[in-house]
Amino acid sequence: MADNNNNSTSPAHAYLPAYRFLLDFDNAIAGSFKSVSGIGNKQDVIEFKLGGDKSVRRKPGRVTFNNIVLERGLSQNEDLAKWRQEIINGDDSRRSGAVVFLNQEGEEQARYNFYRAWPVSWEGPGLTAGSSDMAIEKVELAVEWAEFSKS
């Protein structure tokens with residue numbers, strides 16, 4: 001009888017968890033992040049008519065990629081704030097990277113590669129006296145191109 005506990009096609013293994021990911025910048029792990037959002041893209045629709053057509057035809061237009069928003073606990077590591085400051089100072093410091101999706105065993109299953117990204121905003125933590133919440137920093141990256149691939 002087959003062992004169904006390790007069946008990789010079972011419903012439990014069919015989906016990737018949203019809590020197991022890494023952020024890779026220029027082929028180096030960029031640290032631990034609490035959340036990543038904005039993975040995706042959108043394509044314009046170009047409408048046009050040909051000759052005596054009574055209906056509008058449609059074709060694909062330009063593709064835009066969503067900004068990626070990263071959040072992590074504020075730490076001694078100042079790389080995101082420094083990178084933002086470089087952009088503010090006029091340095092066109094763009095980086096490529098990837099959000100790497102891991103399965104339950106910690107193995108890479110997919111990745112969202114992004115190219116020529118730069119921080120359009122950096123936000124430090126909100127502070128509240130008497131709170132025990134973790135201080136969170138947030139950075140938003142503009143992305144020129146991206147692609148999703150499975151391992």
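Every read-out reported here was derived from the displayed coordinates using simple, explicitly stated rules and does not represent laboratory data. What you see is a predicted model; the values in this text were computed from it and never measured.
With the contact rule set at Cα under 8 Å and sequence spacing of 6 or more, what percent relative contact order holds for the range 60-150?
It rounds to 38 percent for the range 60-150.
Mind checking which lysines have their C-alpha under 29 Å from K150, skipping anything on the same chain fewer than 8 residues away?
Result set, ordered by chain and number: K34, K42, K59, K138.
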